[in-house]
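The values are calculated or read from the model by the stated rules, or taken from the named source; none is laboratory data. A quick note: this is a predicted structure, and the numbers were derived from the prediction, not measured. Cβ: placed from backbone, ideal geometry, glycine included. Neighbour counts: every protein chain shown.
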Amino acid sequence: MSILNQLERYFEFESLNTNWRTEILAGATTFITMAYILFVNPSILAETGMPFGAITAATCLSAAFGSILMGVFARYPIALAPGMGLNAYFTYVVVKGMGIPWQVALGAVFFSGIAFLLLTFTGLRQKIVEAMPAELYAAVAVGIGLFIAFIGLKNAGLIVPDPATTVTLGNLRAPNTMLALAALLVMSALMAWGVRAAMLIGIVGTSAAAMLLGIVEWKWQPSYLPQLPQTALHLDLNGVLSLGLFEIVFVFLFVDLFDNLGTLVAVGKKANLLNSDNKIPRVGRILTTDSLATIFGSLTGTSTVVSYLESASGVAAGGRSGVTAIVSGLLFLVALFAVPIVGVIPAAATAPALILVGSLMISHSAEIRWDDAESAIPAFLTIVAIPLSFSIANGLAFGFIAYTLLKLARGKASQVGWLVYVLTTLFIIRFISLGKG
């Protein structure tokens, strides 16, 4: 038996109905869709005083490590990278808001990764995943679909902030917006014709058009890898312990846990990887990968590493196995030396892909029992809270709380597991202590 055949058996190509061409295209699609993190993450973390080049190298390496490990060990088509939201919390709340040195903040990220790992080894994280009410599985997928689509609409300039109505229609004559609309039409047409590489073709073609129209420029930039020692292994663990920053560690842990849970559910459902009981196979391996990726990221010099929603774009392109994640990870390694090429990809190219991924995920709303208030209300609150609060964790919180309170109101307290009660209580305490989501 050839090596390729052995790999196909390991990654279950036959049962997943996939092949090498599809997996490679899907991995490239995922990478291109989330490549913006290579520039956004360093831009945010650099405000702490961390060197931009070193953060860029750490972002590439941590994304590569997490994605490849996810593909090889957990065998899921889910790519990882430093998480949006958590990097903002790291910068604006912990470092700039509380005056904590970035080295100490990295130490807090490291301890949160260790805590993740311990919870995984004890089986508690798996129990939390399995305790999620069945009604919320489809709701999370739909809510994340709306979330992804909203981000795409925003990045395309189709939706913009408005002081009177919160959001409103953007300037449709703006070059980036017109290009995004054209790309959306092309990608939609290709998908309607059943072209699996529709998103990848659309993204590459739109990027080429943007260069020809002068919307983006290619400015050469040398590799940032030699600058990595400026942040690598600079975390201050003693600072975390001496300052008693356990609340910060808990926030990193709490948000990462439930953001990842939502991503796993959404991507798992889209790829039909959940079993008949709505459970996620090999969930322990997935969570272990996430923990190790966060630890690795803190050691190289970046904030918490998480599973990325944009993985759904690779799944939409046909990705079903861990090879998709491995390809994405390898491309992040290549990006270490090709950041200028990656930088040519404009938001007008990736935004339409996000919009289309969101549209595909809305189909899971058919799985919700809308005629049953006990299922419909928690599901609805989850769906609307995720995009409107810009947080998967908040959506899950509303869903869990509504689910538990409705069961209690109906006299069905025995139908709620003890762990659901614990999580509901934690969510309520979180809202009370923060005063907001």
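What to note about this one:
- Restricting segment 378-415 to residues that are at pLDDT below 85 and not in a helix (DSSP H, G or I), the residue that is surrounded by the fewest Cβ atoms within 10 Å (Cβ to Cβ) is PHE390.
- Scanning segment 99-118 for residues that are farther than 30 Å from LEU333 by Cα and without any contact (Cβ under 8 Å) to a residue 12 or more places away in the chain yields one hit, GLY99.
- Filtering segment 324-339 to residues that are of a type outside the set (Gly, Ala, Ser) and more than 12 Å from THR56 (Cβ to Cβ) leaves THR324, ILE326, VAL327, LEU330, LEU331, LEU333, VAL334.
- Selected residue (criterion: modelled with the highest pLDDT) from residues of segment 427-437 that are surrounded by fewer than 17 Cβ atoms within 10 Å (Cβ to Cβ) and touching a helix residue (DSSP H, G or I) at 6+ places or on another chain (Cβ under 8 Å): ILE428
- For segment 293-325, a residue qualifies if it is touching an Asp or Glu at 6+ places or on another chain (Cβ under 8 Å), outside any loop (DSSP other than H, G, I, E, B) and not polar (S, T, N, Q), and the qualifying residues are VAL305, VAL306, VAL323.
- Yes/no for LEU190 being touching a Gly at 6+ places or on another chain (Cβ under 8 Å), farther than 26 Å from VAL384 by Cβ and either surrounded by fewer than 12 Cβ atoms within 10 Å (Cβ to Cβ) or free of Cβ contacts under 8 Å to residues at least 24 places away in the same chain (or both): yes
Residue-wise test of (1) surrounded by fewer than 24 Cβ atoms within 10 Å (Cβ to Cβ); (2) touching a Ser or Thr at 6+ places or on another chain (Cβ under 6 Å).
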{"site": "ILE295", "(1), (2)": "yes, no"}
{"site": "GLY301", "(1), (2)": "no, yes"}
{"site": "GLY314", "(1), (2)": "no, yes"}
{"site": "VAL323", "(1), (2)": "no, no"}
{"site": "LEU331", "(1), (2)": "yes, no"}
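- ILE128 vs. criteria part of a loop (DSSP other than H, G, I, E, B), out of contact with any Cys (no Cβ under 9 Å at 6 or more places or on another chain) and in contact (Cβ under 8 Å) with a residue 60 or more places away in the chain: no
- Counting the residues of segment 93-102 that are touching a Ser or Thr at 6+ places or on another chain (Cβ under 9 Å) and either in a helix (DSSP H, G or I) or of a type in the set (D, E, K, R) (or both) gives 4.
- Test: THR206 is out of contact with any helix residue (DSSP H, G or I) (no Cβ under 6 Å at 6 or more places or on another chain) and either more than 21 Å from GLY27 (Cβ to Cβ) or in contact (Cβ under 8 Å) with a residue 40 or more places away in the chain (or both): no
- Qualifying residue in segment 28-43 (condition: surrounded by fewer than 23 Cβ atoms within 10 Å (Cβ to Cβ) and over 17 Å from GLU310 (Cβ atoms)): yes
- Of all the residues in segment 68-109, those that are surrounded by fewer than 22 Cβ atoms within 10 Å (Cβ to Cβ) and of a type in the set (Phe, Trp, Tyr) number 3.
- Residue within segment 20-38 that is at pLDDT 90 or above and among the acidic types (Asp, Glu) present: yes
- Taking the listed residues THR59, THR22, the one that is in a helix (DSSP H, G or I), in contact with a Ser or Thr (Cβ under 8 Å, 6 or more places away or on another chain) and touching a residue at least 12 places away in the same chain (Cβ under 8 Å) is THR59, with no other qualifying.
- Looking only at segment 151-166, and only at residues there that are free of Cβ contacts under 8 Å to residues at least 12 places away in the same chain and not charged (D, E, K, R), the one that is surrounded by the most Cβ atoms within 10 Å (Cβ to Cβ): ILE159
- Residue list for segment 125-150, restricted to those being of a type outside the set (A, V, I, L, M, F, W, C) and either crowded, with 17+ Cβ neighbours inside 10 Å or touching a Lys or Arg at 6+ places or on another chain (Cβ under 9 Å) (or both): ARG125, GLN126, GLU130, PRO133, GLU135, TYR137, GLY143, GLY145
- Among the residues making up segment 17-40, those that are among the hydrophobic types (A, V, I, L, M, F, W, C) and under 23 Å from the mean Cα position of the chain (by Cα) are ILE24, LEU25, ALA26, ALA28, PHE31, ILE32, MET34, ALA35, ILE37, LEU38, PHE39, VAL40.
Conditions (1) within 30 Å of LEU396 (Cα to Cα); (2) at pLDDT below 70; (3) touching a Pro at 6+ places or on another chain (Cβ under 8 Å), marked per residue:
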{"position": "LEU172", "(1), (2), (3)": "no, no, no"}
{"position": "THR177", "(1), (2), (3)": "no, no, no"}
{"position": "SER207", "(1), (2), (3)": "no, no, yes"}
{"position": "MET211", "(1), (2), (3)": "no, no, no"}
{"position": "LEU245", "(1), (2), (3)": "yes, yes, no"}
{"position": "PHE258", "(1), (2), (3)": "yes, yes, no"}
{"position": "VAL267", "(1), (2), (3)": "yes, no, yes"}
